[in-house]
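Okay, so here's the structure we're looking at.
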Amino acid sequence: MGKFYVYAHVDKETQTPFYIGIGQGKRAFDKSRNDFWKMFVSKYAKDYEVNFIAENIDEGTAREIENQLIKRFGKIQTGNGILLNWTDGGYGEGVFIQLSFEDNSNELTNRMTEFGKMLNSKDVKEFNVEKIHLFLNEILEDKSRELREKTITEIEKKVKPRNSLTVPFCVTESIKKSDTFTLNLTDLETLKRIAEEPIKWENLPYREYVDFLIHRIMIHFDLILQENVILERNGKRISKADSDWYFYKDYWKGYVKIIQAKNRGLEFEIKYVGRNKKDRNRKDIHDFEIEFK
């Protein structure tokens with residue numbers, strides 16, 4: 001097996017690394033990359049540098065060094081760093097295999113070039129992340145505009161919701177089937193105003209919990225819908241918008257249907273169904289049947 005190397009793509013202007021990989025031959029100069037990489041380079045780092053972190057090493061050592069540095073600098077798509085890498089390197093997403101060295105970190109550092117040692121000695125806070133944030137906010141705005149338009153368009157449709165549907169709520173108190181519940185909904189204009197508020201990467205409190213940007217945006221709008229469809233018992237709110245539980249895929253339409261019904265003046269009843277079965281580890285997620293009149 002031929003010798004491997006570890007390389008970094010570095011923004012020439014800010015000297016900030018934005019991608020770390022391993023390879024052989026001309027791989028370091030290849031532009032066949034993930035979409036994040038292509039979008040960032042096309043606008044923010046056309047004139048980037050390829051710097052070698054370690055050279056003439058075996059594949060196992062190369063993967064260990066790659067994984068060590070990706071862990072150190074983090075990935076922007078998981079909200080904890082500056083790299084455009086899609087995986088953690090090494091032998092796959094989230095996998096790190098100790099291969100050969102008793103004192104792994106020191107042994108790996110000794111295999112690095114001077115550039116590699118310099119890079120390995122730095123903390124992520126030492127790098128200029130202004131371009132990274134500009135890039136992230138640009139993607140957020142594009143995707144959020146698309147989802148915002150879809151959400152509002154669906155809500156404004158003059159369609160009659162089906163007779164009933166099941167929607168989950170994250171509840172803050174213990175409940176039982178004999179309880180009587182009501183829904184308190186915000187009007188469409190308020191919902192529109194909230195949905196139009198700009199989404200900034202720096203201001204997303206839940207950005208570290210979800211893997212992909214599009215999921216963050218989906219959760220942002222899911223939280224908006226949750227905040228505007230409020231479950232009450234005896235006039236007291238017992239639901240909360242919950243960013244830890246991924247509602248969007250299955251239940252976005254449910255919240256939209258409820259708001260549609262309210263905007264058309266339809267009446268509805270709400271009945272407790274039971275604990276949500278999709279996430280058995282969560283005791284606070286409960287399903288409710290909404291029946292339209």
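The values are calculated or read from the model by the stated rules, or taken from the named source; none is laboratory data. Quantities reported herein were computed from a predicted structural model and do not represent experimental measurements. Glycine also receives a Cβ, built like all others from the backbone with ideal geometry; neighbour counts cover every protein chain displayed.
Table for the structure above
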{"read-out": "Residues satisfying the stated conditions in the range 166-179, i.e. outside any strand (DSSP E or B) and either within 15 Å of Glu227 (Cα to Cα) or of a type outside the set (Ser, Thr, Tyr) (or both)", "value": "Thr172, Glu173, Ile175, Lys176, Lys177, Asp179"}
{"read-out": "Residue count for the range 231-277, restricted to those that are in contact with a Lys or Arg (Cβ under 8 Å, 6 or more places away or on another chain), acidic (Asp, Glu) and modelled with pLDDT of 90 or more", "value": "1"}
{"read-out": "Qualifying positions in the range 39-48 - assigned to a helix (DSSP H, G or I) and free of Cβ contacts under 8 Å to residues at least 40 places away in the same chain", "value": "Val41, Ser42"}
{"read-out": "Among residues of the range 148-162, those that are under 29 Å from Arg275 (Cα atoms) and either buried (at least 18 other Cβ atoms within 10 Å of the Cβ) or at pLDDT 85 or above (or both), counted", "value": "4"}
{"read-out": "Given (1) farther than 14 Å from Leu83 by Cα; (2) more than 25 Å from the chain's Cα centre (by Cα), index of the condition Tyr7 fails", "value": "(1)"}
{"read-out": "Some residue of the range 180-202 being crowded, with 19+ Cβ neighbours inside 10 Å, part of a helix (DSSP H, G or I) and at pLDDT 85 or above", "value": "no"}
{"read-out": "Tabulated pairs, the range 21-38, first more than 14 Å from Ala8 (Cα to Cα), second among the β-branched types (Val, Ile, Thr), C-beta under 9 angstrom, 6+ apart or interchain", "value": "Phe36/Ile76; Phe36/Ile139"}
{"read-out": "Any pair with Cβ under 6 angstrom, 6 or more apart, that starts in the range 109-120 at a residue that is touching a residue at least 40 places away in the same chain (Cβ under 8 Å) and ends at one that is of a type in the set (A, V, I, L, M, F, W, C) and not in a helix (DSSP H, G or I)", "value": "Arg111/Ala54; Arg111/Ile57; Met112/Ile53; Met112/Ala54; Thr113/Phe52; Gly116/Ile53; Gly116/Ala54"}
{"read-out": "Qualifying residue in the range 89-97 (condition: at pLDDT below 90 and not in a loop (DSSP other than H, G, I, E, B))", "value": "no"}
{"read-out": "Flag if Phe135 is at pLDDT 85 or above and in contact with a helix residue (DSSP H, G or I) (Cβ under 7 Å, 6 or more places away or on another chain)", "value": "yes"}
{"read-out": "Matching residues in the range 114-154 - criterion: being assigned to a helix (DSSP H, G or I), closer than 17 Å to Leu83 by Cβ and among the acidic types (Asp, Glu)", "value": "Glu126, Glu130"}
{"read-out": "Filter result for the condition that a residue is among the charged types (D, E, K, R) and at pLDDT below 90, over Glu102, Glu49", "value": "Glu102"}
{"read-out": "Test: residue in the range 26-47 that is among the aromatic types (Phe, Trp, Tyr), under 18 Å from Lys122 (Cβ atoms) and in the same structural domain as Glu114 (by TED's automatic domain parsing)", "value": "no"}
{"read-out": "Every residue from the range 10-36 that is assigned to a strand (DSSP E or B) and over 27 Å from the mean Cα position of the chain (by Cα)", "value": "Gly23"}
